[in-house]
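Asker: I have a structure I would like to understand better, so I am pasting it below and will then ask my questions one at a time.
Here, each number is a calculation from the coordinates, and none is a lab measurement. Nothing here was measured: the structure is a model prediction, and the numbers come from that model. A quick note on method: Cβ atoms are made from the backbone with ideal geometry, for glycine too, and the neighbour counts reach across all protein chains shown.
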Protein chains: 2
Amino acid sequence: MGPSPIEADPAVEAERRLRAAGLARTPQRRAVLTELLGRTDHPTAEQIYEAVSRRLPGISRATVYRVLDAFTERGLLNRIQHADSVGRFDGRVDRHHHLLCERCGGLSDLEASALPELPIPAGADLGGFRIADYRITLHGVCPDCSGDAHDPPSNPTP
Amino acid sequence: MGPSPIEADPAVEAERRLRAAGLARTPQRRAVLTELLGRTDHPTAEQIYEAVSRRLPGISRATVYRVLDAFTERGLLNRIQHADSVGRFDGRVDRHHHLLCERCGGLSDLEASALPELPIPAGADLGGFRIADYRITLHGVCPDCSGDAHDPPSNPTP
DNA sequence: ATACCTGCAAAAACTTTGCAATTCG
DNA sequence: CGAATTGCAAAGTTTTTGCAGGTAT
């Protein structure tokens, strides 16, 4: 089937990114990157470890951390932050924005096309700071939390 | 002459915020909030602890963590994230933006007035998500890193 | 072949918690 | 006074590191 409009098969895309970055293509790296590209939430290192462990029993947490770190440095993925103080990862490296729920702390993606473009030319200079790109985070209340008075749902998507 | 009604003396502003939030005003809380409001960087809990310890020897790390947590919940300050995975705090709660250096990971403030307003009415609705505010992060290269010859795809020296 | 990776286990870094004493309102 | 806050110390999380052996290019 032709599922995703943009990113093809996560495994194929993972391979492509590893190759493009000139990084060693080991089973562990393939598995970690494929896992991340196959989901749209923003998993923690631990969640990635758990998921990858099912396909690659014996992979170690240390490897997951090291690999995520290497990928982040090379720009294969992004490290982001939810309401808590745990590192989270996002396989999307294209321009897109985020919706942050002030009630439950959940963070979800928002296509760049949903917002008007900022009139900031790439390469613009702001006080000596050369601008390459930008990201916007919209703060508000998500649909799940809209109904409830105060109690956050016990099943958010952080 | 309108005396900039925004942040005056950090201690005064701290007092005002504590009172407005209806939080107990203890020496520890005054010290932590005053310290944070008196600096423009985004210190970690540990850095705040160190600084406050000089004025209030004996304050415990646990108190600093608890107090920062309480303040964040009540909106007296914001929790943010640098390149690393350590919780950081920002005394500014008004709309302002950030400049993120892709080389060194440094994050600095940018006045909201430096960017055009996004035409997003507060209260707008985006797929069931009620929007209250937004923040923009500009990615690029800071002045300090501009000189370095690290990985200059195109570094014309202006 | 050899430089880079991985697993393991221990350590470090960061944050939270239980409780008794103290302080704020 | 009664309720909330603090310190201390211990426990819980999350992330990093040193090595020996294994693997990719």
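Asker: Just need a number here: residues in region B:45-55 that are within 14 Å of DNA strand C (Cβ to nearest atom) and either loosely packed, with under 14 Cβ neighbours inside 10 Å or not small (Gly, Ala, Ser) (or both).
Answerer: 5
Asker: Continuing with this model, one more query. Only residues that are out of contact with any strand residue (DSSP E or B) (no Cβ under 6 Å at 6 or more places or on another chain) and either without any contact (Cβ under 8 Å) to a residue 12 or more places away in the chain or within 19 Å of residue B:79 (Cβ to Cβ) (or both): list them for region B:123-149, please.
Answerer: Hits for region B:123-149 are B:123, B:125, B:126, B:127, B:128, B:143, B:146, B:147, B:149.
Asker: Would you mind stating whether residue A:39 is more than 14 Å from chain B (Cβ to nearest Cβ) and more than 16 Å from DNA strand D (Cβ to nearest atom)?
Answerer: yes
Asker: Examine region B:108-118 for a residue that is facing chain A (nearest Cβ under 9 Å) and either on the phi > 0 side of the Ramachandran plot or touching a helix residue (DSSP H, G or I) at 6+ places or on another chain (Cβ under 6 Å) (or both), and state whether such a residue exists. It would help to see each step written out before you state the result.
Answerer: Within region B:108-118, the subset facing chain A (nearest Cβ under 9 Å) is B:108, B:110, B:114-116, B:118.
If we keep only those that are either on the phi > 0 side of the Ramachandran plot or touching a helix residue (DSSP H, G or I) at 6+ places or on another chain (Cβ under 6 Å) (or both) as well, we get none.
There is no residue in region B:108-118 that is facing chain A (nearest Cβ under 9 Å) and either on the phi > 0 side of the Ramachandran plot or touching a helix residue (DSSP H, G or I) at 6+ places or on another chain (Cβ under 6 Å) (or both).
Asker: Further, regarding this structure: For region A:21-44, state whether one or more residues are in contact (Cβ under 8 Å) with a residue 12 or more places away in the chain, in contact with a Ser or Thr (Cβ under 9 Å, 6 or more places away or on another chain), closer than 23 Å to residue B:88 by Cβ and more than 15 Å from DNA strand C (Cβ to nearest atom).
Answerer: Yes, because at least one residue in region A:21-44 is in contact (Cβ under 8 Å) with a residue 12 or more places away in the chain, in contact with a Ser or Thr (Cβ under 9 Å, 6 or more places away or on another chain), closer than 23 Å to residue B:88 by Cβ and more than 15 Å from DNA strand C (Cβ to nearest atom).
Asker: How many of the residues in region A:83-105 are under 18 Å from residue B:105 (Cα atoms) and facing another protein chain (nearest Cβ under 10 Å)?
Answerer: 4
One line per residue, one yes/no per condition, for (1) surrounded by fewer than 13 Cβ atoms within 10 Å (Cβ to Cβ); (2) of a type in the set (A, V, I, L, M); (3) in a strand (DSSP E or B):
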{"position": "A:57", "(1), (2), (3)": "yes, no, no"}
{"position": "A:64", "(1), (2), (3)": "no, yes, no"}
{"position": "A:94", "(1), (2), (3)": "yes, no, no"}
{"position": "A:98", "(1), (2), (3)": "no, no, yes"}
{"position": "A:104", "(1), (2), (3)": "no, no, no"}
{"position": "A:116", "(1), (2), (3)": "yes, no, no"}
{"position": "A:120", "(1), (2), (3)": "no, yes, no"}
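Asker: Name the single residue that is surrounded by the most Cβ atoms within 10 Å (Cβ to Cβ) among those in region B:69-86 being touching a helix residue (DSSP H, G or I) at 6+ places or on another chain (Cβ under 6 Å) and not in a loop (DSSP other than H, G, I, E, B). Don't jump to the end; show me each part of the working.
Answerer: Start the filter on region B:69-86 by keeping residues that are touching a helix residue (DSSP H, G or I) at 6+ places or on another chain (Cβ under 6 Å), which leaves B:74, B:76-77, B:79.
With not in a loop (DSSP other than H, G, I, E, B) added as a condition, the list becomes B:74, B:79.
Working: B:74: 14, B:79: 19.
That would be B:79.
Asker: Let me ask you something else. Show the residue pairs meeting these rules: Cβ distance below 8 Å; 6+ apart or different chains; first residue within region A:55-68 and in contact (Cβ under 8 Å) with a residue 40 or more places away in the chain and more than 14 Å from every other protein chain (Cβ to nearest Cβ); second residue part of a helix (DSSP H, G or I) and within 8 Å of DNA strand D (Cβ to nearest atom).
Answerer: From region A:55-68, no pairs qualify.
Asker: With the condition kept exactly as written, say whether any residue in region B:40-48 is touching an Asp or Glu at 6+ places or on another chain (Cβ under 9 Å), over 30 Å from residue B:116 (Cα atoms) and among the charged types (D, E, K, R).
Answerer: Taking every residue of region B:40-48 in turn, none turns out to be touching an Asp or Glu at 6+ places or on another chain (Cβ under 9 Å), over 30 Å from residue B:116 (Cα atoms) and among the charged types (D, E, K, R).
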